[in-house]
Amino acid sequence: MTYKVKVENLSKVYDLNKDKISKIISLFTFGKIYKQKPFFALKDINFEVMSGDSVGILGLNGSGKTTLSDLLGEVTEPTAGNISIKGKSSLIAINAGLNQDLNGIENIKMKCLMHGLTEVEIEEKFEDIKDFSELGEFLEQPIKTYSSGMRAKLGFAIAIHTDPDVLIIDEALSVGDETFADKCLVKIKEFQEQGKTIFFVSHSASQVRNWCNKAVWIQYGEVEKFDEVDAVVDQYSEFVNQFKNLTKDEQLEYKEKMLTLQKEKSKHFKINKDEFSFFNMFIGLGFFSIFALGVYGQILSIL
C-alpha cells in the first residue's frame, strides 16, 4: 500500500528576535548585523500515513501540534524537510483561511475558489454549506464579529464541501455547541468510510482513541511516539496522569526545563538569508529607488 501523506525530516524554525531596531538594521545590512534567536517549533519529524487512516495528533500545549497541522494544511512552509501529499488537503481550524473583514458569504466563495471549485460548483454547493453551518443571517456579517464557535462552524462547513482527500481538524470541534460537534463527527465518519485520510488535533486522548486508528504524540517539537492509536494513547495518557499528579510548581519547572532544552537544540541553527551583492543591488538608479521604497515600506510594517 502506498502512502497518502509522507513527512520526511520536517522542521519548522521561527526567529524569536522581536527587537524592531535590530530588524531595521538588518534591512540595511542585508542580515549581516543581526542577532538571530532561532527556535525549533518542530524538529526532524518523520512518519507515513496511508489512505483511509485517521491520525490523532496529541501533545501538551506548546508542543507543536498546531504548527504541524498548519504545515499539513499548507498554510505555512517548512524550514527544512518535506511533506508529500497525494491529493488535496483542507485545514479546519478556528481561523484557518478566513478573511476577518469579509462576511460569511464572501468567505464561502473565496475559500471554495481557493480549493479549485468553479463558480458554478460554488453556486450548487452554497445552500448545503449554509445549512450545515447553521449560521443563517449571520453569514451576512463580517467574520470579525463572529465568536470562535461560529468561525469553527463556518470553517468546517466549507471544508467538508470542497471534497478534500486529506482533512486536518485542529481542535475546531472543541468550541461551539455539542449538537454541532456531533453532526461534524457523523460527517467525519462518512469521510472515513470513503477512505479519506484525516488528521485530528485534540487534547482528548479518549476522543482520539474513539475516532482514530493511528496517533502521533508531539513532545516539545519532536515525535515522542507514532504508532497504532492504542499504543500511543496508552503511553500518552500515562504521561498526562503523571504530569497532573505534579504540583503546579513542579509542572512549571518541567515545562521550563523542556523549553530550555528546546531552545538549546535550536541555538546553533542558522536561518537562511538571501545572499545580496552590493554591486547587483545598486546597479541603476531606478532599481535603487524601488529598493529604497521597499525598505521604507518594511520599516513602516515593523513599526
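Taking the DSSP beta bridges with both ends in the range 145-246, the antiparallel portion is around 55 percent.
By how many nm would the segment from residue 44 to residue 134 grow when fully extended, if each residue of separation counts as 0.36 nm and the alpha-carbon distance is taken off? Write out the running numbers ahead of the final one.
Details: separation 90, 0.36 × 90 = 32.40 nm, distance 4.08 nm.
Contour length minus Cα-Cα distance gives 28.3 nm.
When each of the peptides 218-228, 246-256, 118-128 is scored by the mean number of other C-beta atoms lying within 10 Å of its residues, the order from highest to lowest reads 218-228, 118-128, 246-256. Using R0 = 22 Å, the C-beta based FRET efficiency linking residue 252 and residue 210 works out to 0.10.
Once the chain from residue 105 to residue 231 is taken as fully extended at 0.36 nm per residue, the excess over their C-alpha distance is 41.0 nm.
In what order do 161, 115, 203 fall by count of nearby beta-carbon atoms within 10 Å, going from fewest to most?
In increasing order of surrounding Cβ atoms, one gets 203, 115, 161.
Extension gain for residue 84 to residue 185 (0.36 nm times residue separation, less C-alpha to C-alpha distance): 33.7 nm.
Taking the Cα centre of each part, how many Å lie between the range 131-173 and the range 46-80? Each part's Cα centre sits 21 Å from the other's. With each label modelled as a point 7 angstrom along the Cα→C-beta vector, the residue 238-residue 124 pair spans 5.2 nm. Extending 7 Å from Cα along the Cβ direction at residue 6 and again at residue 51 yields two label points whose distance is 1.6 nm.
Computed from the coordinates by the stated procedures, all read-outs in this text should not be read as laboratory data. All values derive from a computational prediction rather than experimental measurement. In this analysis, Cβ positions are derived from the backbone assuming ideal geometry, glycine residues included, and neighbour counts consider all displayed protein chains.
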